[in-house]
Amino acid sequence: MSPYIKIYVEILKSCGIEYKIILWDRAGCEEQGESLAVYKHRSDIKSGHLRKIIDFYGYVSFVKQYVISEDYDRLIVFGIPLSVYIASFLGKKYPYKYIFDIRDYSPVYPYFKGLCGEVIGKSFMTIISSNGFLRWLPDVPKYQMCHNYNDPESDVVYDDNKNSEKIIIATIGSIRDYDVNKEVINVFSNDKRFLLRFIGEGPAVKRLSIYVIKNGINNVEFYGKYDKKDEQLLLRGSSILNGMTGMDINGRTLITNRLYLSLISSLPIMVTEGTYQAECVIKYNIGIVLRNDESMKERVFVYMRNLDRKMYQNNLMRYKNHIFQDQNKFKERIKLFLK
């Protein structure tokens, strides 16, 4: 569930540095491994706020105790919630000896802006996964972009759907947003030109599947949980990826993993108008920007029928080159941090 950790692990291994990943197994997945320090405590995602806070404090306590007992030289801290809860600890014990990594906006951010600013200020640097986050983060020269894309060797080119009678729209990964995906289903509902595939698990899957059955929608398929190694196999035959997001502050400013998956799979992506992700798609012309309304259906149909594959591949390479520049800067700064 945290693919962005992989790039850090690769750098640490290449530098011959020992490390531990301290994680909370809140879902009871029984994760194990020599590189893991696991806090085992079940915490239901449907629990009330008070229960969640109490459970989270247990994890925070575990983190601090483990770090102190092992006497680490450097820390990499992921996410706003954890960072603000251990802000004082970081400032006193590890000033300028930690990296703060932000992958999402957090609902707790408005209540802890000051503390978050302190964590950023005393960090060696702060990693962000989208330049869209600069619209709500403090304006300081501490940020370094890091993309969730690091293995061009695994890229593939799918061209087996270009003559298909159906346009297959794939939604893959963790499927969280019920409202956005319900509207997508409504727009394409029972149109024989389209087939919608939802590949993966998430809090929205059960409700969406019930909605599809209840409303007699016959062009939607659910594939359920999958192994990462089977991802490309499951995408084979797809025409376009669904990268539509909500218009809350996180949806407007993030870059989804599906955008990177579209690069890896050489599949165009459809994204929501008015988002930072849409700006990236427009700049490099690697997909289509849409409103989540009835006009979406015909626009996707026309876009796919007129897609110039050669030009699309050239556009992908332009975006990848931009990403590689960011990634090289990120790696050099991480190595400097480790020295």
In this structure, among Lys113/Lys320; Lys166/Lys229; Lys6/Lys331; Lys13/Lys225; Lys6/Lys339, pairs with alpha-carbon gaps over 22 Å are Lys113/Lys320; Lys166/Lys229; Lys13/Lys225
Measure of exposure for Lys283: accessible area at 1.4 Å probe, Å² rounded to 10, is 130 Å²
Once all protein chains are kept in place, His49 shows an accessible area at probe 1.4 Å, nearest 10 Å², of 150 Å²
So, with points 7 Å from each Cα along the Cβ direction, the Glu70-Tyr111 label distance in nm works out to 2.9 nm
Reviewing (i) 19.9; (ii) 20.7; (iii) 21.7, the figure for Kirkwood radius over Cα pairs in Å actually calculated from this model sits under (iii)
Computed for region 164-208: size of charge dipole around the Cα centre, +1 on C-beta of each Lys and Arg, -1 on C-beta of each Asp and Glu, debye to nearest 20, value 120 debye
About its Cα centre, region 208-306 carries a charge dipole, from +1 on Lys and Arg Cβ atoms and -1 on Asp and Glu Cβ atoms, whose size in debye to the nearest 20 is 140 debye
CD proxy, 222 nm, the chain: helix-only mean residue ellipticity via -39,500 (n - 2.57) per DSSP H run with n ≥ 4, per residue, nearest 500, stands at -13000 deg cm²/dmol
For the chain, the charge dipole (Cβ of Lys, Arg +1; Cβ of Asp, Glu -1; about the Cα centre) points to a positive end, and the Cα of Ser239, Ile21, Val300 closest to that extreme belongs to Ile21
Descending accessible area (1.4 Å probe), largest on the left, turns Tyr57, Tyr105 into Tyr57, Tyr105
So, relative contact order of the chain in percent, Cα under 8 Å, 6 or more apart, is 13 percent
Computed about the Cα centre, the charge dipole of the chain from +1 Lys/Arg and -1 Asp/Glu charges at the Cβ has a magnitude in debye, to the nearest 20, of 400 debye
For Leu82, Leu115, the accessible-area ranking with a 1.4 Å probe, largest leading, is Leu115, Leu82
Note to self: C-alpha centroids of region 256-308 and region 50-105 sit apart, in Å, by 37 Å
Across Glu294, Glu34, Glu279, the residue with the highest GNM fluctuation in the chain (Cα network, 10 Å cutoff) is Glu34
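The values are calculated or read from the model by the stated rules, or taken from the named source; none is laboratory data. Note that the coordinates shown come from a computational prediction; the quantities given were computed from them, not determined experimentally. Positions of Cβ are backbone-derived with ideal geometry, glycine not excepted, and every protein chain shown enters the neighbour counts. The area values use the complete protein model at the heavy-atom level, side chains included, leaving out ligands, DNA and RNA. Shrake-Rupley method; radii C 1.70, N 1.55, O 1.52, S 1.80 Å.
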